[in-house]
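Student: Sharing a structure, written as structure tokens. Questions coming.
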């Protein structure tokens, strides 16, 4: 749609007339604002934009966007969006869901959408809890998490969402959080512009059932020391004075070090376009909890064959070879006889 | 055992018969399905009427020589109109002892058995459970047995082709085909052309197959089998061009046609499952029609992708069998709530659970009718013969598009794999099933005064909602599975609205009764003592059974349903017209329960759940019993 004139729009044009019904103070508001403010900058039409969601708090998202949208059923948004994106490659299809929706009941659809590399922009709001069902542990809740359904602590080892995405062969993987609008928007913009399946994990605060879960990382006071910004082609460094960094040690593991101890040259240079996902996978596993410095940014962005595009090419090749389908010829394609 | 005597001077003379039922049986690896299909095609091209019943195990290659590894193919060919593959075969081709052990019960008394005697060694006899060789005792007395050393004769015949011994042996099914082709005076060219096309890339194998086929044919001529040769004249048929087609191919072609007739691209989201996978295979071949097929990660994703494509304006289809329908249930309910068109194809098989994957049954009717959460009615269309699957697919798509609703299309394993001749329709005679999309706003926003699109504004006649496609400027809207206000489509939890929406969705489906043909009654319409009501693949056996009973002077009428929800508008009146109603079903009585509940008629079930279709004789027995029953 690059040659189509896109009229200038403002945030208001992307807001639907529906009253937003998240709990006051929910992190979802800041994500919605970030998206509505970003859309006018993406050079896309509202009518060519579709938000598809499953079930959960996050899944109410499409109702609030003045675009086409479908609020579907629990877990199935990636499958439904896959059909839409394959049928209509002219559309910009976004998937919005929570950690339960996309990693638990919909985990299978998520990994298959990622490995197929369908042109979808997938925003996963990770609050590490089930919100809409009122506070059970989710597939990203920490081991031992005490909730209504785990009064003595959860026995489930959590998923690492980025590692799951990378393991599924995702071509674009990023992480951001709901307290930093510019960073969120930058990750969303990159994800949107990526041709293929793009997965963005957004740390999102559920102020009712898991309040402050990401405070160790995301408050202004903690960010410098606890968030490790990944920037392509640059050394992976963090801290107020950028005094800390990440190295790959001789045992092949990533470690956090003082830059002064190892020298600037030893610090890992981030390369999001590496064809093999090993480095991104290691960075995804750098932090095992919210109490450890955690990388944010684009972990991986590689270009490869996009599914809908490849599908359209097969259709075009078939038509090239045998012309547009001829029904009469098809009906006579098995042995026939005349009476 | 009857010795086959040559009758000098009669070689080449064939006795005229009006029909024959042949059953080819062998090991799964013996190529019996292919043999049956080739015999069928040659007979079809010759001009006979025919119907087939493939009957094979679920295992791809069951242990060689075992009873559960037996694969069979039954075909009836006739010089007149027939509707089913016949009750008992009159000829049984047995490629090994297991085939004889497994299939002999089906053969009619005095029938002919053609046996590959090479395979009746001790090892194979033991595997088949024989303690002594049935060819050497009198256990086959009462049948006409023709012993042919097929394996060694084939090996000898194909020697010159140069193929390896194993490949040579594998051609023995074509030897059998050649022999049976001679016995039933089938023209050779149809099969020879097929062999050349199929094996053209490997000349050695092609030659071996041609040699085996011709050797089988020559064997009939030279081995003093005269007196065993029959001819069956072509059946009188309506003029036109015919092809032999099975149900799954016809159904897939019906979907291709529906896309053309609706002027919409077809999208199939599907997960492989027996016996529905051939629909995926067939549609995947027809990309030149703009058809997209997505082999999904599971059944749920198959229908999910189809629903996404439907939202995007494609003619959306998912094809599966019973276990898949169960998994798709939640998404069907969503499609009912979203009021988006879609066709869910259910090729029924024996259940529950994995059940009998390769065997037929029709026990998904209740699931199709009621197997969803909430009040979730949807239209149901059922095909009744292999070729009619073509029309049924178009009809299911027509209803889906016109009423913006998911539609279940029921077929079964018997229709899916069974074949019959089909008078190829002229595409210009097929119905226009195109639909319209919203292009303009249909409402003005009360607050802003801006024009907008309300997705649940309905056509007063059909109750179908307005359908605007993504990409249409100014008509942006959101739909979802939460109950929505009629008209605006905005979330609404009010009691009045929910009640209204439940009623409206039901009324929309019920209203389709005005848009489908009334059910036709045949036979003794005016004065029948009994009405036989059927649906689905029982049609062929019912037609034959009713004809035979009427020929014996019984007063019987027949009606067959192609629409199971809603029922045709006149069904209640038709059922009440006759003193007795008999419903043969490949389940334990689903339709009978439905018509009892709906119309308060004392419909009686005749049930068969043995993985194989009814024979006409079984239905005749049931008709007699019901006629005798004191009221």
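We did not get these values from a lab; they are worked out from the coordinates using the rules stated. Keep in mind that what you see is a predicted model, and the values were worked out from it rather than measured. Don't worry about glycine lacking a Cβ; one is built from the backbone with ideal geometry, like all the others, and counts go over all protein chains shown.
Student: Fewest to most neighbouring Cβ within 10 Å: what's the order for B:298, A:211? Walk me through the numbers on the way to the answer.
Tutor: Values: B:298 16, A:211 12.
Neighbour counts put them in this order, fewest first: A:211, B:298.
Student: For chain A, with a Gaussian network of springs between Cα atoms less than 10 Å apart, report the residue from A:302, A:96, A:200 with the top mean-square fluctuation.
Tutor: Its mean-square fluctuation being the largest, the pick is A:302.
Student: So what's the convex hull volume per residue for the Cα atoms of segment B:463-614, in Å³?
Tutor: Each residue corresponds to 167 Å³ of Cα convex hull volume.
Student: Right, something else. Only counting other Cβ atoms within 10 Å, I'd like B:143, A:63 sorted with the fewest neighbours first. Intermediate results must be reported in sequence, preceding the final value.
Tutor: Details: B:143 18, A:63 21.
So the ranking, lowest neighbour count to highest, is B:143, A:63.
Student: To the nearest 10 degrees, how steep is helix B:388-403 against the longest Cα principal axis of chain B, on a 0 to 90 scale?
Tutor: 10
Student: Something else: From the P(r) of segment B:474-519, could you give the percentage of C-alpha pairs in the tail past 15 Å? Please report the intermediate quantities before stating the final value.
Tutor: Numbers: 568 of 1035 pairs.
Value for segment B:474-519 (Cα pairs over 15 Å): 55 percent.
Student: Quick check on segment B:239-393: of the DSSP beta bridges with both residues there, what percent are antiparallel, nearest 5%?
Tutor: Working: 1 of 12 bridges.
Of all bridge pairs located within segment B:239-393, approximately 10 percent are antiparallel.
Student: Counting pairs of alpha carbon atoms under 8 Å apart in space and at least six apart in sequence, what relative contact order in percent does chain A give?
Tutor: Answer for chain A is 14 percent.
Student: Please report, in cubic angstrom per residue, the volume enclosed by the convex hull of the alpha-carbon atoms of segment A:1-64.
Tutor: Taking the convex hull of the Cα positions in segment A:1-64, it is 88 Å³ per residue.
Student: Specify the residue with the greatest mean-square fluctuation among A:272, A:320, A:231, computed from a Gaussian network of chain A linking alpha-carbon atoms under 10 Å apart.
Tutor: A:320
Student: May I ask for the percentage of alpha-carbon pairs in chain B that lie more than 43 Å from each other?
Tutor: It works out to 29 percent of all Cα pairs.
Student: Report, in degrees rounded to the nearest 10, the 0 to 90 angle that the Cα long axis of helix B:32-46 makes with the longest principal axis of chain B.
Tutor: 90
Student: Just want the ordering: B:475, B:594, from fewest to most Cβ atoms lying within 10 Å of their own Cβ. Please list the in-between numbers first.
Tutor: Values: B:475 24, B:594 21.
Ranking B:475, B:594 by Cβ neighbours within 10 Å, fewest first, gives B:594, B:475.
Student: Helix B:172-183 versus the longest principal axis of chain B: what is the Cα-based angle in degrees, 0 to 90, to the nearest 10?
Tutor: 80
Student: Indicate, rounded to the nearest 5 percent, the antiparallel portion of the DSSP beta bridges found entirely in the protein assembly as shown.
Tutor: For the protein assembly as shown, the DSSP antiparallel bridge percentage is about 40.
Student: While we're looking at this one, here's another question. Express the Stokes-Einstein translational diffusion coefficient of segment B:243-429 in µm² s⁻¹, to the nearest whole number, given a Kirkwood radius over alpha-carbon pairs, 10 °C and a viscosity of 1.306 mPa s. Can you show the working numbers first?
Tutor: Details: Rh = 15.8 Å.
So the translational diffusion coefficient is about 101 µm²/s.
Student: Okay, next question. Counting helices only, and only those DSSP H runs with n ≥ 4, report the 222 nm mean residue ellipticity of chain A as the sum of -39,500 (n - 2.57) divided by its residues, in deg cm²/dmol to the nearest 500.
Tutor: Taken over chain A, the calculation gives -8000 deg cm²/dmol.
Student: For segment B:436-515, what relative contact order do you get, as a whole percent, if you take Cα pairs closer than 8 Å and at least 6 residues apart?
Tutor: Computed value for segment B:436-515: 25 percent relative contact order.
Student: If you count the DSSP beta bridges with both ends in segment A:65-195, what percent of them are antiparallel, to the nearest 5?
Tutor: Beta bridges within segment A:65-195, antiparallel portion: roughly 25 percent.
Student: I'd like the distance between the alpha-carbon centres of segment B:253-322 and segment A:212-248, rounded to an integer number of Å.
Tutor: Their Cα centres are 48 Å away from one another.
Student: Before anything else, pin down the relative contact order of segment B:394-477: Cα pairs under 8 Å, at least 6 apart, normalised by residue count, whole percent.
Tutor: 26
Student: OK, next. Give me the Å³ per residue figure for the convex hull around the C-alpha atoms of chain A.
Tutor: 202
Student: Eigenvalues of the Cα gyration tensor times 5, then square-rooted: what semi-axes does that give for segment B:15-231, in whole angstrom, largest first?
Tutor: Computed over segment B:15-231, the values are 23, 22, 17 Å.
Student: Related question: Which three extents, in whole angstrom, do the alpha-carbon atoms of segment A:193-236 cover along their principal axes, largest first?
Tutor: 36, 27, 11
Student: Let me ask something else about it. In square nanometres and to one decimal, what's the mean projected area of the convex hull around the Cα atoms of the protein assembly as shown? All intermediate terms of the calculation are to be shown ahead of the outcome.
Tutor: Working: hull surface 192.1 nm².
Computed as one quarter of the Cα hull surface, the answer is 48.0 nm².
Student: Based on the alpha carbon coordinates of segment B:436-515, what radius of gyration and maximum Cα-Cα distance (Dmax) apply, in Å?
Tutor: Rg, Dmax (Cα atoms, Å): 13.4, 41.
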